[in-house]
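Participant: Take a look at the following structure, please.
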Protein chains: 2
Amino acid sequence: IEAGDDTTLRVEMEDLYPADISGILYELDTDQAHYLLNLLDHTVGAEIISNLDPTVRVDLLKTFTSEELAPFINQMDSDDAVDVLNEQPIQVREEVIALLEDREQARFILDLLHYDEDVAGGLMQKELIKISVNLTVNACIEEIRDQAENVENVYAVYVVDDLGKLLGLVSLKKIVLARKTARIADIYDDDIVYVETYRPAAEVAEVMQKYDLDAVPVVNVQKRLLGRITIDDIVDLITEQAEEDIQVISGLSGEVEEDDTIWARSKVQLPWLVAGAVGSLLAATVINGFQSELGKIAALAAFIPIIGSTGGNVGIQTSSLILQSLSDTSGLNATLGQRLLRTLLVAIINGLVVGLIAGTYTFLIGEPRLFFVVAMSLLAVVLLASFMGTVTPLLLNRIGINPAVASGPFITTANDLIGIGVYFLIADALLAEL
Amino acid sequence: IEAGDDTTLRVEMEDLYPADISGILYELDTDQAHYLLNLLDHTVGAEIISNLDPTVRVDLLKTFTSEELAPFINQMDSDDAVDVLNEQPIQVREEVIALLEDREQARFILDLLHYDEDVAGGLMQKELIKISVNLTVNACIEEIRDQAENVENVYAVYVVDDLGKLLGLVSLKKIVLARKTARIADIYDDDIVYVETYRPAAEVAEVMQKYDLDAVPVVNVQKRLLGRITIDDIVDLITEQAEEDIQVISGLSGEVEEDDTIWARSKVQLPWLVAGAVGSLLAATVINGFQSELGKIAALAAFIPIIGSTGGNVGIQTSSLILQSLSDTSGLNATLGQRLLRTLLVAIINGLVVGLIAGTYTFLIGEPRLFFVVAMSLLAVVLLASFMGTVTPLLLNRIGINPAVASGPFITTANDLIGIGVYFLIADALLAEL
């Protein structure tokens, strides 16, 4: 197709949804994609570029001049435009802004560039419909006609006073059904949920989920209406957050995809592998210190795997439960003491069960003298791992580190090391007569 | 407050959002919550009950008679009503449906009860506004007035033909801006994305995210419009799915929360702990088989932890990357061969790095003769764990099991066992002269 004629291509593309054209772009190399995008209507192209995977987008837009890029940026929602521009070198960013035909868009973008990506201000778009509380429904419809061109999804019209302070909203449904001469002041809903620009993104997502909102207005400290955040951005945010958590739990130290280069993959996998190796070598040092015991009872070595894996598994399970309650909005607020007590009781049951299973095994291999060593060690390991699994995520959360780290290789390695230490200490104490 | 007077309470509750009243309910015991809910307006109460955590809701609704429950169900969106009724014993379900005042609601619920929870039909609500393509805008506004009472968020009006087949939609924005005499046939948008009732929930979520939809219409095989799915349900679905994945990866065998009973927690933690213990005892059997080698070189035992933890970590990292590309909609479609080749190349780099670190350690502890044993074993372990981490999730996905299982204790235990086996086999071969 690619070597073919432009008109046919253009006609074919017109029949497709932008999201489907994105799918096609992923299959093309960057030069072909560049060529195809330039054939398209700028509005459609803008939507496609907004929805591309950021890594693909960065590569693709490298092939665009600022003059080629500007018309697309011109047509984007302001929040998407800022996201795309933030990925560009500073020179390209400034050139593109200078080249924008729509000067309002340029002003929107300059406003939004101030905010951090992970607060409400960085998520919001400037496109919205706001009307003065003094208008009638008829005048309001005229306002919508004027303003609606740039606004993709008009969920509601925001009502402001003369100073631009947010007062409330009128749903489109209400406007459709209202008498044309009714005053906005009489029909608007002042029971409105809003967020301030500085609120963290995660909190915005929580608020929108809690109140089932399609869009939430963003205000500054004086309650002046500055923008709005729509639910589609929150859906993307939640998906990304979940992916990131799983990545952290899996011990990947950065964002990477299966089809990245071999080096890129190795780079995010190695840090935790090396950290895990160092931790395990510390455990090795402990084991080496008990060489004489091992020399006497070689069967002691057989229980090293169960000590390590049980500690790791319990640690991950416990920290995952704590993570879940940390992120739960309907959150119970148990004190640390209560949490630990409950967790300890669960640990005693689990520790006894696993300890008895492994203890039985000592009889099977003809080493009954290890029964108490193995059973007690496992109980101790489960208790310690539960304690670590409870305290570590709470601590990390307190000091502002993503607590999911505590479900990953960190806690596994730590528990491995602690477990081995406890095991040999107990062995040493109980088998002193040897 | 609870022992106090009803009027004050009622007035206080009127000032709160339903979502905030839910927050209060979580703090009360079920009898108090029951009492409070019965004080509230049924519409507000219905919204609160819809949004409660299902486990809390089941306990709470046990205290309600069918007569008390019916007025709330009457006011719910049909999809929420079905969710709540599905949690009730079949007798209560039928009594409540028989008691519903709104017979249309009863019909909606009976329709929806047919569908599985995890397909589009089970997610949809019957509340929507549909109009015939033959109407004018003015007649359409009248239709909206009639139908809108039951519909919470009217994103758009669906356009159908005389047989009820879905033709397209008109956004509310367009209706606000259209001339009153315009015909719907001339202004509606026939470029509409829809899903069939039997489509899996995950696919619906994907479609809505891909096309940035606020609501998607659901049709039967004849393309007759049956209902719609709104974005707030999809947000809940995505959040639940992510929680479930993390749970599976963490080795919890069922849904549980930190504040569940000690027994409930133990019950979801024990299955994988026991499975892990059994796996580790198999590894113990392998180690026991090499007792004579261990007797000669006690330092061999020191490397058991690094073999186990490295295998586990690599397995989790690799399977997590595969999981990610399985769930990625813009998905590359690499063949199994290509995937394995890339993964193997990454594994060689990682295996060499970890192998050399551990190898160096053999010199530090004065056992240089173990250098090749340890380094080669780790390289082999990383290669095997990468292979397992790639193949297992793909296999599980093929046979319809949640592939996240492969990131959990299953793969860790398997890799532990394989790793120990490989390690002692290599040790046996290379140290044959001992």
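The values are calculated or read from the model by the stated rules, or taken from the named source; none is laboratory data. These figures come from a predicted structure and were not determined experimentally. When we count neighbours, we look across all protein chains shown, and the Cβ atoms used for this are built from the backbone with ideal geometry, even at glycine.
Participant: Could you grab me the full set of residues in region A:281-311 that are more than 7 Å from every other protein chain (Cβ to nearest Cβ) and closer than 13 Å to A:Ala385 by Cα?
Facilitator: Scanning region A:281-311 gives A:Ile307, A:Gly311.
Participant: Then there is this: Those residues that are of a type in the set (S, T, N, Q) and surrounded by 13 or more Cβ atoms within 10 Å (Cβ to Cβ), I need them from region A:168-191; list them, please.
Facilitator: A:Ser171, the sole residue that qualifies.
Participant: Within the set of pairs 6 or more residues apart or between chains, which connect a residue that is closer than 14 Å to B:Ala205 by Cβ inside region B:231-257 to a residue that is modelled with pLDDT under 80 and not charged (D, E, K, R) with Cβ atoms less than 7 Å apart?
Facilitator: Final answer for the pair search is B:Asp245/B:Ala404.
Participant: Which of the residues spanning region A:134-175 are within 12 Å of chain B (Cβ to nearest Cβ), in contact (Cβ under 8 Å) with a residue 24 or more places away in the chain and among the small types (Gly, Ala, Ser)?
Facilitator: A:Ala156
Participant: Any idea which of (1) among the aliphatic types (A, V, I, L, M); (2) facing chain B (nearest Cβ under 10 Å); (3) under 17 Å from A:Glu117 (Cβ atoms) is the one A:Ala242 doesn't satisfy?
Facilitator: With respect to (1) among the aliphatic types (A, V, I, L, M); (2) facing chain B (nearest Cβ under 10 Å); (3) under 17 Å from A:Glu117 (Cβ atoms), A:Ala242 is out only on (3).
Participant: Okay, next question. Of all residues in region A:392-413 being surrounded by 21 or more Cβ atoms within 10 Å (Cβ to Cβ) and of a type in the set (Gly, Ala, Ser), which is farthest from A:Val374 (Cα to Cα)?
Facilitator: The selected residue is A:Ala404.
Participant: Identify, from the list A:Ala46, A:Ala3, the residue that is surrounded by fewer than 13 Cβ atoms within 10 Å (Cβ to Cβ), away from chain B (no Cβ under 12 Å) and either modelled with pLDDT under 85 or out of contact with any His (no Cβ under 6 Å at 6 or more places or on another chain) (or both).
Facilitator: A:Ala3
Participant: List every residue pair whose Cβ atoms lie under 7 Å apart, where the two residues are 6 or more positions apart in sequence or sit on different chains, the first residue falls within region A:203-221 and is more than 18 Å from A:Gly168 (Cβ to Cβ), and the second residue, located anywhere, is assigned to a loop (DSSP other than H, G, I, E, B) and not aliphatic (A, V, I, L, M).
Facilitator: Note: pairs meeting the criteria are A:Glu206/A:Thr329; A:Lys210/A:Thr329.
Participant: Scan region A:62-92 for residues that are surrounded by 13 or more Cβ atoms within 10 Å (Cβ to Cβ), among the charged types (D, E, K, R) and farther than 18 Å from A:Gly121 by Cβ and jot them down.
Facilitator: A:Glu68, A:Glu87
Participant: Out of (1) part of a loop (DSSP other than H, G, I, E, B); (2) more than 30 Å from B:Gly308 (Cα to Cα), the odd one out for A:Val235 is which?
Facilitator: That leaves (1) as the condition not met.
Participant: Pick out, from region A:1-107, the helices (runs of 4 or more DSSP H) lying fully within it that include 2 or more residues that are within 28 Å of the chain's Cα centre (by Cα).
Facilitator: Result: A:18-27, A:42-51, A:54-61, A:66-75, A:78-86, A:90-99.
Participant: A further question follows. Given (1) closer than 30 Å to A:Ile349 by Cβ; (2) touching a Phe, Trp or Tyr at 6+ places or on another chain (Cβ under 8 Å); (3) among the β-branched types (Val, Ile, Thr), identify the lone condition not met by B:Val268.
Facilitator: In the conditions (1) closer than 30 Å to A:Ile349 by Cβ; (2) touching a Phe, Trp or Tyr at 6+ places or on another chain (Cβ under 8 Å); (3) among the β-branched types (Val, Ile, Thr), B:Val268 misses (2) alone.
Participant: Taking region A:417-432, which residues are surrounded by fewer than 16 Cβ atoms within 10 Å (Cβ to Cβ) and in contact (Cβ under 8 Å) with a residue 40 or more places away in the chain?
Facilitator: A:Asp428 - this is the single residue of region A:417-432 that is surrounded by fewer than 16 Cβ atoms within 10 Å (Cβ to Cβ) and in contact (Cβ under 8 Å) with a residue 40 or more places away in the chain.
Participant: Then there's this: Given the residues A:Thr392, A:Thr360, A:Thr343, which is the only one that is over 35 Å from the mean Cα position of the chain (by Cα) and either among the hydroxyl-bearing types (Ser, Thr, Tyr) or within 23 Å of A:Pro305 (Cα to Cα) (or both)?
Facilitator: One residue alone meets the criteria, A:Thr360.
Participant: Follow-up. Of the residues that make up region A:9-32, is at least one among the acidic types (Asp, Glu), buried (at least 18 other Cβ atoms within 10 Å of the Cβ), out of contact with any Lys or Arg (no Cβ under 7 Å at 6 or more places or on another chain) and without any contact (Cβ under 8 Å) to a residue 60 or more places away in the chain?
Facilitator: Scanning region A:9-32, I find no residue that is among the acidic types (Asp, Glu), buried (at least 18 other Cβ atoms within 10 Å of the Cβ), out of contact with any Lys or Arg (no Cβ under 7 Å at 6 or more places or on another chain) and without any contact (Cβ under 8 Å) to a residue 60 or more places away in the chain, so the answer is no.
Participant: Still on this structure, I have one more. Restricting to region A:348-380, count the residues that are closer than 17 Å to A:Gly419 by Cβ, at the interface with chain B (Cβ under 9 Å from one of its Cβ atoms) and in contact (Cβ under 8 Å) with a residue 40 or more places away in the chain.
Facilitator: Total satisfying the criteria: 3.
Participant: Quick one: in region A:197-255, which of the residues that are of a type in the set (A, V, I, L, M, F, W, C) and within 29 Å of A:Ala414 (Cα to Cα) is surrounded by the fewest Cβ atoms within 10 Å (Cβ to Cβ)?
Facilitator: A:Ala242
Participant: Here are B:Val204, B:Val216, B:Val235: which of them is within 18 Å of the chain's Cα centre (by Cα) and at pLDDT 90 or above?
Facilitator: Going through B:Val204, B:Val216, B:Val235 in turn, the sole match is B:Val204.
Participant: Are any of the residues in region A:383-392 in contact (Cβ under 8 Å) with a residue 24 or more places away in the chain and more than 19 Å from A:Asn350 (Cβ to Cβ)?
Facilitator: no
Participant: Go through region A:224-240 and count every residue that is out of contact with any Asp or Glu (no Cβ under 9 Å at 6 or more places or on another chain) and β-branched (Val, Ile, Thr).
Facilitator: So the count comes out to 3.
Participant: Can you name the condition, by its number, that B:Gln338 falls short on among (1) under 30 Å from B:Ala205 (Cα atoms); (2) touching a helix residue (DSSP H, G or I) at 6+ places or on another chain (Cβ under 9 Å); (3) of a type outside the set (Gly, Ala, Ser); (4) at the interface with chain A (Cβ under 10 Å from one of its Cβ atoms)?
Facilitator: Checking B:Gln338 against (1) under 30 Å from B:Ala205 (Cα atoms); (2) touching a helix residue (DSSP H, G or I) at 6+ places or on another chain (Cβ under 9 Å); (3) of a type outside the set (Gly, Ala, Ser); (4) at the interface with chain A (Cβ under 10 Å from one of its Cβ atoms), the one that fails is (2).
Participant: Also: May I ask you to list the residues in region A:312-331 that are among the aliphatic types (A, V, I, L, M) and at the interface with chain B (Cβ under 8 Å from one of its Cβ atoms)?
Facilitator: A:Val314, A:Ile316, A:Leu321, A:Ile322, A:Leu323
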